[in-house]
Amino acid sequence: MLRKPSHPGALIRNVILPETGLTISELARRCGLARNTMSKVVNERGDVTEDIAIRLSRVLGSSPRFWIGMQTNLNLWQLEQQNKRVYKKIQRVN
């Protein structure tokens, strides 16, 4: 992956909140989460966990796999960047 994948919070902040008119507080309330938990996700300081993915999918009519997929893509990209040297040394079985 060349480009850094988007954090799920960026999608919520830049697309979902403006389109729905929801605030972070209202989205958190509808998801049954603390406002600070949702704020961390929306502001890219926290990850979308499996629990949060299910809650978001129920509120927004999406799939939990969509949210987990976004988070996983970002996590994998970050690990690959952090451990480039180590991963380059690993040889494939022939």
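Quick notes on this one:
- Each peptide in 32-38, 69-75, 8-14 gets a packing score, the mean of other Cβ atoms within 10 Å over its residues, and the list from highest to lowest is 8-14, 69-75, 32-38.
- Each Lys or Arg adds one and each Asp or Glu subtracts one; over the other residues with Cβ under 12 Å from the Cβ of THR49, this totals -1.
- Between the Cα long axis of helix 64-82 and the first principal axis of the chain there is an angle of about 40°, rounded to the nearest 10.
- A dipole drawn for the chain from +1 and -1 charges on Cβ atoms has a positive end, and of GLY46, LEU2, LEU17 the residue lying farthest that way is LEU2.
- Between 0 and 90°, nearest 10: helix 50-60 axis offset from the chain longest Cα axis: 40
- Neighbours of THR23, meaning other residues whose beta-carbon lies under 14 angstrom from its beta-carbon, give a summed charge of +2 when Lys and Arg score +1 and Asp and Glu score -1.
- The chain - percent of accessible surface contributed by carbon and sulfur, probe 1.4 Å: 50
- Accessible area in square angstrom per residue, the chain, 1.4 angstrom probe: 70
- For P(r) over Cα pairs in 10 Å bins from 0, in percent, calculated from these coordinates, the label among (1) 13, 36, 36, 14, 1; (2) 16, 45, 22, 12, 6, 1; (3) 18, 47, 32, 3: (2)
- Put a plus charge on the Cβ of each Lys and Arg, a minus charge on the Cβ of each Asp and Glu, and nothing anywhere else: the dipole of the chain about its Cα centre is then about 420 debye.
The values are calculated or read from the model by the stated rules, or taken from the named source; none is laboratory data. Owing to the predicted nature of the structure, the values given are computational and were not obtained by experimental measurement. All Cβ positions, glycine included, derive from the backbone under ideal geometry; neighbour counts span all protein chains shown. Only protein heavy atoms, including side chains, enter the accessible area calculation; ligands, DNA and RNA are left aside. Shrake-Rupley method; radii C 1.70, N 1.55, O 1.52, S 1.80 Å.
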